[in-house]
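Peer 1: Have a look at the structure that comes next, please.
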Amino acid sequence: MSEDLQLQNQTFHGISVSEGIGFGKIVIYRTDFDDVTEYTIGPERIIDEIDRYSAAVNEVNLIFMNNQKRVAREIGLENAKIYETYHMILDDPFFQDEIPSAIRAENKNAEYIICSKLSFYEKHFNTIQDEYLRERIFDIRGVSRRLIYHLLQGEYPDQVESDGANIIVARELTPADSIHFHHKSLKGLITEFGGRTSHAAILARSMEVPAVVGVKDLLKKVVAGSEAIVDGSEGTLIVNPNQEKKNFYLLKKEQYARRAEDLIRGLGIPIQNLPDRKINLLANINEPSEIGLAHKYKADGVGLFRTELQFIAKEQFLNEEEQFVIYKDLIEKFNSKEVVIRVLDLGGDKFLPFADLHRESNPFLGWRSIRILLMETEIFKTQLRAIFRASAFGNAKILIPMISSREEIIASKKIIEEVKAELAAKHFDFNQQIPVGVMIEIPSAAIAIDSFINDIDFISIGTNDLIQYTLAVDRNNEKVANFYQPLNPGVIHLIKRVADSCNAHNIPFSVCGEMAGDPLYTQLLLSLGINDFSMQPVSIPRIKDVVLKTTAERLEAIRNKVDDCISVNELHEFLCDV
Ligand code: PEP
Ligand code: MG
């Protein structure tokens, strides 16, 4: 019996992170260089090894050309530009001369030589004299990864057939990997590692791709090319389904699609059941290609634009002009509706291949987000200049992530004022009164909110990190996923505290973490006085449905219950009952 047949109808279980049913063929995606081994090439085979390397360079060049055309067609010219750079890089003496010479000099295999040269340059990034090489190190990395995958005959995200039905199976996905999957054809994403609020999972939801994480040892058990079905709602993967299973899931898929259509019809209904309240359902945007989805689901604006993902997608820092074009386009596409642009939230699980970020042992507790910007002020100022200049074209707001104390707000605002003065001196047109808000995602900020509430214009509660930091649970780790409990009384009390303080001081506030897009929590958040919910566009119809069906009495009952709730289960049961 073939391995494929042994696996017929075999079902794997994991954590459900993105709803929907997907049918497709399994593509194994390798996400790191762990598979690169070092071996010696005898002198008689050195020419063959160099030929193997040169053939890979030519083939990858061809793939870049095809990708450039495809990405330009499907995602846009801007995103396709990276491939022009990649062509140039492949023509660089680094790939044309240095690598083949090193293969010959060291008698080692090509993939190993690429890896060792690359890590040498990355380690000495700050000391590289050659300016061209220094500027190009991020691109060289991108191209090197591509070449290594090719030499190892692995899958690479942009190699996934754009017209095939692919279910990606990976050990783990980084946001950079997921963002490359902004493909129409993707039918599912399954990983061995990862949590519900990891950025890779968030991206899967925003792409409306069914996804499951935390499926143990999956890579050892599935075969590339096998037929499979993903049920993102149940958190299951069925490999080699028989006809009965296929029929069952086809029916389920149809029911799911019908329900989605019903919900979309509700988007046209005004919310009038909550007297004296104006509820706004806003979009979290990770990628400009999601703007269309936000409009499709009638978002009231953008409550969170994760700017760092643009940098990650291109594997490099974007200059002021490049950023300006992205922000202006986003702002204009929402006319006068608000667009909250969050300044770079790098670190944690969102790495750029630079500096020492990835070497920290606790990256979520380390050099992350505003901590980086306050030290690397040129990066911060470049981004602020781009946002300010774009602010002339609509209704933009600036959001500062990962604030833990008033001092960070004061330091950030000082830099903001310097940038304003600089732009004014150069007679740029921009909104002098642009609102500046902060994210509440660290418990200290929630507890001490009154110490800085008068220094800011608005608040956005980032429940993804707030839960992680309050409960000391890594949001990316499937092993502790059971401890990641949004209904923990400690978490709810912090959210309530922030909401009460904002209401008392008349400061606008919203929730932009994943709780805002999960219908289980909608009434609870409404009961705490939250009116602005920012979420993946695809979640808007379901949240709107809950808002339309609730009543002021029900919300009051929940609010009363919150104060004396002492356990997660008790609150969970109560919310399911009301
Ligand atoms: C959050 O922490 O809730 C949030 C919205 O930010 P991110 O998920 O990007 O960390
Ligand atoms: Mg966060």
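Peer 1: So for the pair TRP367, ARG45, with labels modelled 7 Å out along Cα→Cβ, what separation do we get in nm?
Peer 2: 4.1 nm
Peer 1: Students often check this: by mean Cβ neighbours within 10 Å, which of 106-118, 553-565, 388-400 ranks highest, and how do the rest follow?
Peer 2: Numbers: 106-118: 19.8, 553-565: 14.5, 388-400: 21.8.
The densest-packed peptide leads the list: 388-400, 106-118, 553-565.
Peer 1: Could you please tell me the mean projected area of the C-alpha convex hull for the range 188-239, averaged over all directions and given in square nanometres to one decimal?
Peer 2: Values: hull surface 14.0 nm².
Result: a mean projected hull area of 3.5 nm².
Peer 1: When all alpha-carbon pairs of the range 221-288 are counted, what percent fall beyond 13 Å?
Peer 2: Numbers: 1771 of 2278 pairs.
When all Cα pairs of the range 221-288 are counted, 78 percent exceed 13 Å.
Peer 1: Still on this structure, please answer the following. Work out how much length ALA105 to LEU77 would gain on full extension: take 0.36 nm times their residue separation and subtract the Cα-Cα distance, in nm to one decimal. Mind dumping the intermediate values first?
Peer 2: Numbers: separation 28, 0.36 × 28 = 10.08 nm, distance 4.11 nm.
Gain on extension, ALA105 to LEU77, equals 6.0 nm.
Peer 1: Dividing the alpha-carbon radius of gyration of the range 283-376 by 2.2 N^0.38 Å (N being the number of residues), what value is obtained? Intermediate values should be presented prior to the final figure.
Peer 2: Details: Rg = 14.5 Å, N = 94, 2.2 N^0.38 = 12.4 Å.
Compactness ratio reported: 1.17.
Peer 1: Would you pull out the residues with amide H under 5 Å of MET439's amide H, same chain only if 5 or more places away, H placed 1.01 Å from N?
Peer 2: The list, which skips near neighbours in sequence, is ILE400, MET402, ILE403, SER460.
Peer 1: For the chain, find the longest principal axis of its Cα atoms and tell me its angle to the long axis of helix 46-74, 0 to 90°, nearest 10.
Peer 2: Its long axis makes an angle of about 30 degrees.
Peer 1: How many nm is it between the label spots at ASP217 and ALA552, if each spot is 7 Å from the Cα in line with the beta carbon?
Peer 2: Going from the ASP217 label point to the ALA552 one covers 5.8 nm.
Peer 1: Per the Kirkwood definition applied to all pairs of different Cα atoms, how many angstroms is the hydrodynamic radius of the range 171-314?
Peer 2: Working: mean 1/r = 0.0575 Å⁻¹.
Its Kirkwood hydrodynamic radius stands at 17.4 Å.
Peer 1: With the other protein chains left in place, how much accessible area per residue, in square angstrom, belongs to the chain at a 1.4 angstrom probe?
Peer 2: Numbers: 24440 Å² over 578 residues.
Averaged over the residues of the chain, the accessible area is 42 Å².
Peer 1: What are the semi-axes of the equivalent ellipsoid of the chain, taken as the square roots of 5 times the eigenvalues of the Cα gyration tensor, listed largest first and rounded to whole Å?
Peer 2: Numbers: eigenvalues 327, 197, 88 Å².
Semi-axes from the Cα gyration tensor: 40, 31, 21 Å.
Peer 1: Whose amide H sits under 5 Å from the amide H of GLU192, counting only residues 5 or more places off or on another chain, with H placed in the peptide plane?
Peer 2: Amide H neighbours of GLU192, under 5 Å, 5+ apart: ALA170, ARG171, GLU172, GLY214, VAL215.
Peer 1: Now, a different point. For a 22 Å ceiling on Cα separation, which of these pairs sit above it: LYS397/LYS544; LYS296/LYS337; LYS397/LYS420? Write down the numbers at each step before the final one.
Peer 2: Numbers: LYS397/LYS544 24 Å; LYS296/LYS337 15 Å; LYS397/LYS420 14 Å.
Beyond 22 Å between Cα atoms: LYS397/LYS544.
Peer 1: Taking amide H atoms as placed 1.01 Å from N in the peptide plane, list the residues 5 or more away in sequence, or in a different chain, whose amide H sits under 5 Å from that of LEU282.
Peer 2: Correct list: ASP300, PHE533, SER534, MET535.
Peer 1: I've got another one for you. Which peptide among 464-475, 254-265, 187-198 comes first, and what is the full order, when sorted by highest mean count of other Cβ atoms within 10 Å? Could the numbers behind the result be given before it?
Peer 2: Working: 464-475: 21.3, 254-265: 12.7, 187-198: 25.7.
For the peptides 464-475, 254-265, 187-198, the packing ranking is 187-198, 464-475, 254-265.
Peer 1: For the range 87-95, what does the Karplus curve 6.51 cos²θ - 1.76 cosθ + 1.60, with θ = phi - 60°, yield as ³J(HN,Hα) per residue in whole Hz, taken in order and with x for Gly and Pro?
Peer 2: 4, 4, 4, 5, 7, 5, x, 4, 7
Peer 1: Let me ask another. Where the centroid of each part is defined by its Cα atoms, how far is the range 373-437 from the range 210-235 in Å?
Peer 2: Spelled out, the Cα-based centre of one part sits 44 Å from the other.
Peer 1: Let me ask something else about it. Report the extension gain between THR377 and ASN66 in nm, rounded to one decimal, defined as 0.36 nm multiplied by the number of residues separating them, less their alpha carbon distance.
Peer 2: Details: separation 311, 0.36 × 311 = 111.96 nm, distance 3.84 nm.
Gain in length upon complete extension: 108.1 nm.
Peer 1: For PHE574 and HIS493, calculate 0.36 nm times their separation in residues minus their Cα-Cα distance, and state this gained length in nm to one decimal. The partial results should precede the final answer.
Peer 2: Values: separation 81, 0.36 × 81 = 29.16 nm, distance 1.66 nm.
Full-extension gain reported as 27.5 nm.
Peer 1: Mind giving me the nanometre distance, one decimal, between the label points for ARG258 and ALA392, set 7 Å out from Cα along Cα→Cβ?
Peer 2: A separation of 5.4 nm, rounded to one decimal place.
Peer 1: If you plug each phi of the range 398-405 into the Karplus form 6.51 cos²θ - 1.76 cosθ + 1.60 with θ = phi - 60°, what whole-Hz ³J(HN,Hα) values come out, in order, with x for Gly and Pro?
Peer 2: Going residue by residue, I get 10, 10, 9, x, 6, 7, 10, 7 Hz, with x marking Gly and Pro.
Peer 1: Sort 280-286, 83-89 for me by packing, meaning the mean count of neighbouring Cβ atoms within 10 Å per residue, highest on top. Before the final figure, lay out the partial values.
Peer 2: Details: 280-286: 26.6, 83-89: 16.7.
Per-residue mean Cβ counts within 10 Å order the peptides as 280-286, 83-89.
Peer 1: Counting only protein heavy atoms and a 1.4 Å probe, tell me what percentage of the chain's accessible area is made up of carbon and sulfur. The partial results should precede the final answer.
Peer 2: Values: 12280 of 24440 Å².
Answer for the chain is 50 percent, counting heavy atoms of protein chains only.
Peer 1: Convert each backbone phi in the range 415-432 into a coupling constant with the Karplus relation 6.51 cos²θ - 1.76 cosθ + 1.60 (shift: θ = phi - 60°), then list the ³J(HN,Hα) values in order as whole Hz, x for Gly and Pro.
Peer 2: In residue order, the calculated couplings are 5, 4, 5, 4, 5, 4, 4, 4, 5, 5, 5, 8, 6, 6, 8, 7, 7, 5 Hz.
The values are calculated or read from the model by the stated rules, or taken from the named source; none is laboratory data. These figures come from a predicted structure and were not determined experimentally. So basically every Cβ, Gly included, is an ideal-geometry build from the backbone, and we count neighbours across all protein chains shown. Protein only, heavy atoms only, side chains kept; ligands, DNA and RNA dropped before computing areas. Shrake-Rupley method; radii C 1.70, N 1.55, O 1.52, S 1.80 Å.
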